[in-house]
């Protein structure tokens, strides 16, 4: 950490301390600090497609034969990282417009790119106005396709990706409650989790489309705190448009864009002893959600202007999980499957996305957790298999063969 970063953190902590003193004098306004220290011990049986020195694992890399036919990617990998150590500030403020106000600031040392590992980055920064039945949130928070009431509780930081949508986004979210039913409408942009395109992953593609991503979600929940039971079900629809280019290869202005849609359904059942969760996602152009998918060039519209039309690649993903709810010991099992369904019509140009040479990915991950007060020790074995092959004219992968990776996370606090 450089001196400038250290100085910034000292200032932030001083401000927070001032806020805490203010909270004692005026309970209606202030900030409370929390967070945790987390260390991950990682061992992989082969090289993987991942982020931050292998910390955020997606799937194993494809075989890469050397001149002698040996697979370069077949060697094991070991690492120890503490970059998930986190700081959280929860702000309470005075009422405004007849609503209770609150704020959330959260950061970690995950960095914004692989070259920035250990760098402090923003996770969440949002202000909420709550009118009891209606809630307005403005800021950066989880993408609504990441259901905060129903997501995999795995040990690995990937949180079930690439089977589970995983993204945070700047957004404006409106929630309306009707008893046990909640209806949510969200308008989003992109920042750290962005669509892919001719210039790599970038938030410029959605900005240049001139429209926000739109998400609509309904959730029904029944909870009995005294009995320790909970049941919920949710359904979401997401619509997005991006503009991959502003200028064609011939130097002409282009207004061609790509629209996509995603549907999600999920459910959770909790008893005193066990919790069961499941989710299914069908979607188009899911790169920004850290999932398989993307899009391709369908055809060249004009041989002189060289304008292009695009088609999204479609992805189907499902996961399920069961875990015990013991106070000291907890055991769990996660399973996920994701498949590249290709495009609906033949493609003529390049593909932009994640895992466009993968037919499907499978994962099984058992875990064991030991809680001792505020300290948690967790171990997990994560087996992930990807079927690599050759995309056909519609982006569907043919002649696929499987490559697997075994990840061990032993006693991670």
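Among 266, 220, 252, the ranking by other beta carbons within 10 Å of each residue's beta carbon, starting with the fewest, stands as 252, 220, 266.
Residues 37, 105, 242, ranked from the fewest to the most other C-beta atoms within 10 Å, line up as 37, 105, 242. For region 3-412, the relative contact order works out to 11 percent when only alpha carbon pairs closer than 8 Å and six or more residues apart are counted.
From the list (i) 22; (ii) 15; (iii) 11, can you say which value of percent of Cα pairs over 39 Å apart was derived from the structure given? Recomputing percent of Cα pairs over 39 Å apart here picks out (i). Using 0.36 nm times the number of residues separating residue 237 and residue 337, minus their current alpha carbon distance, what extension gain do you get? Here the answer is 34.0 nm. Here the gap between residue 401 and residue 96, fully extended at 0.36 nm per residue and compared with their Cα-Cα distance, gives a gain of 103.9 nm.
Protection proxy ranking of 290-296, 339-345, by the mean of other Cβ atoms within 10 Å over each peptide's residues and highest first, is 290-296, 339-345.
Would you mind calculating the gained length between residue 183 and residue 385 on full extension (0.36 nm times residue separation, minus the Cα-Cα distance), in nm to one decimal?
Details: separation 202, 0.36 × 202 = 72.72 nm, distance 3.69 nm.
Once the chain is fully extended between residue 183 and residue 385, it gains 69.0 nm.
Counting beta carbons within 10 Å around each of 183, 58 and listing the fewest first gives the order 183, 58.
With both labels modelled 7 Å from their Cα along Cα-to-Cβ, the residue 299 to residue 226 distance reads 6.7 nm. When each of the peptides 310-318, 257-265 is scored by the mean number of other C-beta atoms lying within 10 Å of its residues, the order from highest to lowest reads 310-318, 257-265. When the scattering of region 173-257 is computed by the Debye formula from its Cα atoms alone, each counted once and equally, what is log10 I(q)/I(0) at q = 0.21, 0.26 Å⁻¹? For region 173-257 at q = 0.21, 0.26 Å⁻¹, log10 I(q)/I(0) is -0.96, -1.19.
Here, each number is a calculation from the coordinates, and none is a lab measurement. Note that the structure is a prediction, hence the values are computed from the model and not measured. Note: ideal-geometry Cβ built from the backbone for every residue, glycine included; neighbour counts use all protein chains shown.
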